[in-house]
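Asker: To start, I am sharing the structure in question, which I have written as structure tokens.
The values are calculated or read from the model by the stated rules, or taken from the named source; none is laboratory data. Bear in mind that the values here come from a model prediction, so they are computed numbers and not experimental data. All Cβ positions, even for glycine, are placed from backbone atoms using ideal geometry, and neighbour counts span all protein chains on display. Side chains included, ligands, DNA and RNA excluded: accessible areas come from the protein's heavy atoms. Shrake-Rupley method; radii C 1.70, N 1.55, O 1.52, S 1.80 Å.
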Amino acid sequence: MILRDYIPTDAESLAEVYRDAARNLGRQAYTDAQTSVWALHPEDMEPFRATLSAGQTICGGVDGSLVAFGQLNPMDHIAYLYCHSAHARRGYASAILAKLEEHAAANRVSTIHVEASCVARPFSERFGYLVVEEERPIRQGLEFLRFKMKKELPNENATS
């Protein structure tokens with residue numbers, strides 16, 4: 001896998017990675033109705049493109065295709081971490097998470113946060129993230145269980 005920074009022309013491919021992960025990997029813990037609503041994002045590509053450009057977004061590619069991505073936005077928050085279901089459990093998300101954590105630490109972040117789905121919670125816990133609280137956001141009338149999590153980063157010069 002090749003890791004690289006996001007460029008605006010990646011947005012459509014990353015939207016497909018996101019939608020595939022929501023539809024297919026999401027079914028491990030959510031209903032068909034929930035995964036269908038989850039996979040509606042992003043509804044409009046231009047705001048999604050702008051969001052991906054606003055943070056530190058890392059893309060993972062295999063054989064010329066993007067198969068995973070993650071983003072810090074702001075620097076102490078993992079806003080996205082998704083892998084296409086056909087490439088899941090091969091270390092792609094782990095590699096991207098490691099890069100995001102390195103980037104956060106290089107920017108003097110001491111604590112990194114994420115809102116993890118039920119599917120992502122065990123993955124996050126394997127990498128040292130701890131549940132801070134449960135939350136139940138509502139999307140299109142459906143309730144989703146997810147977890148606010150955090151991890152302390154080893155960083156002598158941390159400020160946040």
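Asker: Among residues other than ALA50 whose Cβ falls under 15 Å from its Cβ, what is the net charge (Lys/Arg +1, Asp/Glu -1)? Don't jump to the answer; show the numbers that get you there.
Answerer: Values: positive: ARG49; negative: ASP10, GLU12, GLU43, ASP44, GLU46.
Once all neighbours under 15 Å are counted, the net charge is -4.
Asker: Over the chain, give the accessible area per residue in Å² for a 1.4 Å probe, as an integer. Spell out each step's value before the answer.
Answerer: On the way: 8300 Å² over 160 residues.
For the chain, the per-residue accessible area is 52 Å².
Asker: When the accessible area of segment 40-160 is split by element with a 1.4 Å probe, what percent falls to carbon and sulfur? Provide the component values of the computation, followed by the final result.
Answerer: Values: 3100 of 6340 Å².
Exposed carbon and sulfur together represent 49 percent of the surface.
Asker: Now for a different question. What percent do you get for the relative contact order of the chain when only Cα pairs under 8 Å and 6+ apart count?
Answerer: Working: 279 pairs, mean separation 33.3, N = 160.
It comes to 21 percent, rounded to a whole number.
Asker: Based on DSSP H runs of at least 4 residues, each adding -39500 (n - 2.57), what is the mean residue ellipticity at 222 nm of the chain after dividing by all its residues, to the nearest 500 deg cm²/dmol? Mind showing how you got there, number by number?
Answerer: Numbers: 5 runs with 49 residues, N = 160.
Value at 222 nm, helices only, nearest 500: -9000 deg cm²/dmol.
Asker: Residue by residue through segment 20-29, what is 3J(HN,Hα) from phi via Karplus (6.51 cos²θ - 1.76 cosθ + 1.60, θ = phi - 60°)? Round to whole Hz and write x for glycine and proline.
Answerer: Values, residue by residue: 4, 4, 4, 5, 9, 6, x, 5, 5, 9 Hz.
Asker: Hey, could you get me the Stokes-Einstein D for the chain, Kirkwood radius over alpha-carbon pairs, 4 °C and 1.567 mPa s, rounded to whole µm² s⁻¹? Kindly include the intermediate steps, with their values, before the conclusion.
Answerer: Details: Rh = 16.0 Å.
In µm²/s, the coefficient rounds to 81.
Asker: Using modelled amide H (1.01 Å from N, peptide plane; none on Pro or chain starts), what sits under 5 Å from the amide H of THR111, excluding residues fewer than 5 places away?
Answerer: For THR111, the qualifying residues are LEU153, SER160.
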